[in-house]
1. Which whole number gives the average, over all residues in C:72-79, of C-beta atoms from other chains lying within 10 Å of the residue C-beta?
2. Give the angle, between 0 and 90 degrees and rounded to the nearest 10, that separates the Cα long axis of helix A:188-201 from the longest principal axis of the Cα atoms of chain A.
3. Please tell me the relative contact order of chain A in percent, rounded to the nearest whole number, where contacts are Cα pairs under 8 Å and at least six residues apart.
4. Set the Förster radius R0 to 51 Å, insert the Cβ-Cβ distance between residue B:91 and residue A:263 as r into 1/(1 + (r/R0)^6), and round the FRET efficiency to 0.05.
5. In whole Å, how far is the Cα centre of the stretch C:64-101 from that of the stretch B:8-36?
6. Treating only the Cβ of Lys, Arg, Asp and Glu as charged (+1, +1, -1, -1), what charge dipole size does the stretch A:1-98 show about its Cα centre? Round to the nearest 20 debye.
7. For the stretch B:76-125, which chymotrypsin sites (Phe, Trp or Tyr not before Pro) are both in a DSSP coil and crowded by at most 13 other Cβ atoms within 10 Å?
8. Pick out, from B:66, B:40, A:93, the residue whose Cα sits farthest towards the positive end of the charge dipole of the protein assembly as shown, with +1 on the Cβ of Lys and Arg and -1 on the Cβ of Asp and Glu.
Amino acid sequence: MTINSTINSLLEALIVIGPLLGSIAYVTIAERKIMGSMQRRIGPNKVGYYGLLQAFADALKLLVKELVLPSNTDKILFVLAPMISLVCGLLVWTLIPYGKGLVIADFSLGIVTILAISSVAAYGIILAGWASNNKYSFIGSLRATAQLISYEVVFGLIILLVIFFVGSFNLTTIIESQKAIWYIVPLFPIALMFLIAILAESNRAPFDLPESESELTAGFMTEYSAFPFVFFFLAEYGAIVFLSTLSSILFLGGYLVPGIESNGLMTGLSLGFKTSFILFLFIWIRASFPRLRYDQLMSSIWSKMLPIVIAFSILIPCIVKAFEIY
Amino acid sequence: MSAPAPQQELPRPGGFPEIRYKRYVPKIGPSGLVLFSGITLMCTLGLIRVGQGNLERRELEREKVWSRIHLIPMLQAEADRDTYRRELAAKEREAEIMKDVKGWKAGESVYNSDRYTTKSYVVVP
Amino acid sequence: MNSFLFYFILVPVIVIALLGLNLFFAQSKPNEEKLTTFECGFSPVEQARQKFSIHFYLVGILFLVFDLEVLLLFPAAVSMNSISQSGFWILLFFLIVLTVGFIYEYSSGALNYTNKDKES
């Protein structure tokens with residue numbers, strides 16, 4: 001255990017978490033400016049050059065706001081809930097590979113760990129709604145949790161369908177096995193359903209009824225004031241970035257650059273490019289579609305998407321076994 | 001004094017074109033059957049590529065396993081030679097350090113039989 | 001002291017440090033109005049923790065069943081090369097049993113009238 005390897009490990013952890021927090025902040029700016037462009041206006045442009053420091057200005061403003069702990073709330077759970085959301089949202093990033101072998105933790109059960117950790121993030125939402133002693137928060141958090149766990153099922157089943165082709169849970173293996181062809185080509189309908197499922201997983205339009213402002217007064221985030229609110233905000237946008245990265249790993253070939261065999265800069269840029277493309281899709285969809293009503297949302301998962309995904313999950317093992325393409 | 005002829009804003013001669021107010025969702029693009037067969041074709045070709053890729057991966061894995069099977073005896077022999085040499089050197093160091101202690105046998109086995117056992121720790125000073 | 005351990009410690013440390021920074025820099029002047037729960041300007045009417053709809057319980061139970069199904073399918077996905085025909089048929093039987101259950105549930109209407117109140 002030399003001091004050199006310890007510094008190396010610390011640097012590895014820092015070069016993942018530093019740009020990650022920066023990228024979550026810049027996704028908020030990107031969203032505001034892109035939605036502004038889609039609505040024929042420019043987004044925030046006063047703070048830095050072209051408004052690029054807006055997120056930090058927002059964070060500083062929220063830093064000096066008063067942390068209000070309302071009187072009838074469960075104070076410990078009230079502060080703990082956003083911390084659970086943010087910690088779980090940041091912990092999954094250890095498993096994402098930026099190149100062949102360039103992961104913080106090369107678990108052989110990577111995908112299952114990702115599912116597990118992102119399911120724990122639902123606890124933050126439940127606790128937030130329960131601890132803030134507010135009818136609107138409670139109903140908002142129940143709706144958000146019901147939506148989240150409904151789409152977890154489709155999420156897990158689609159990941160399972162990709163794993164049938166790969167034969168291993170390791171994320172690097174999943175990406176390396178897409179050297180033949182990216183999995184969006186054989187699994188195109190499933191990739192579309194995955195994109196819909198991750199829109200719903202991150203409580204994002206058109207599925208954002210739990211946090212819609214007009215109906216439920218900001219949903220489960222009603223009572224949150226300063227940095228706990230920042231934590232929820234960071235957790236939501238962190239989930240968006242993470243789910244974009246996950247979908248580009250599972251379907252778009254991860255860090256692979258078609259035709260170029262390299263490791264390091266090119267692969268990292270490739271992963272970032274694909275993630276940015278899906279992030280743009282997220283923001284584009286938010287600017288284009290109206291919000292779904294809650295029972296439309298629930299029926300679209302249980303009545304419409306789940307039968308198709310179960311049908312595929314019977315079809316794909318049959319194909320894999322029949323043609324011996326495991 | 002007479003005011004000039006009042007100028008009104010009138011529609012241009014011929015009126016304006018009809019306003020479309022009814023909901024207009026045209027059926028454009030490829031029909032359902034074309035889309036379905038196109039996507040099925042793309043998925044089939046993709047699955048063929050996946051199958052070829054997986055067979056290739058299987059052969060690569062087989063090559064890796066067989067190369068390990070062939071290489072392990074030579075590598076193990078090298079490691080064994082190194083371990084034994086280090087063990088003898090450690091025994092010499094121990095004899096040098098403990099030469100004044102009465103009744104100390106350097107390299108004495110801790111077990112009751114005199115079977116050769118590989119040491120668990122290899123000291124690399 | 002590998003990098004995963006550092007990351008695992010660093011993330012809660014950053015979160016707690018941010019919270020501490022907020023508590024350090026912000027003033028704390030609580031008064032009556034700020035501490036009551038938000039109800040769009042009115043004083044809170046009746047208790048906040050009431051009964052909630054049975055629909056959420058039903059969604060939870062359904063999630064439990066289907067998530068356990070997904071969980072039990074995970075080992076099959078990675079071991080298709082070592083289970084021969086018998087393993088495959090067992091997998092297919094499992095899936096078909098669950099599909100029959102899902103068909104029953106779908107047609108019995110448990111998924112249909114989610115959140116549609118018939119009285120209101």
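The values are calculated or read from the model by the stated rules, or taken from the named source; none is laboratory data. Model, not experiment: these values are computed from the prediction. With ideal geometry, Cβ positions are generated from the backbone for all residues, glycine too; neighbour counts draw on all protein chains shown. Ligands, DNA and RNA are excluded from the accessible area calculation, which covers all protein heavy atoms including side chains. Shrake-Rupley method; radii C 1.70, N 1.55, O 1.52, S 1.80 Å.
1. On the way: counts 0, 8, 9, 0, 4, 17, 11, 2.
What the average comes to for C:72-79 is 6.
2. Approximately 20 degrees, to the nearest 10.
3. Numbers: 417 pairs, mean separation 71.3, N = 326.
Over chain A, the number comes to 22 percent.
4. Details: r = 45 Å, r/R0 = 0.89.
The calculated FRET efficiency here is 0.65.
5. That distance is 52 Å.
6. Values: 8 positive and 5 negative charges, 109 e Å.
Taking the Cα centre of the stretch A:1-98 as origin, the dipole is about 520 debye.
7. Details: sites: B:84, B:104, B:111, B:116, B:121; in loops: B:104, B:111, B:116, B:121.
Answer in residue order: B:104, B:111, B:116, B:121.
8. Result: B:40.
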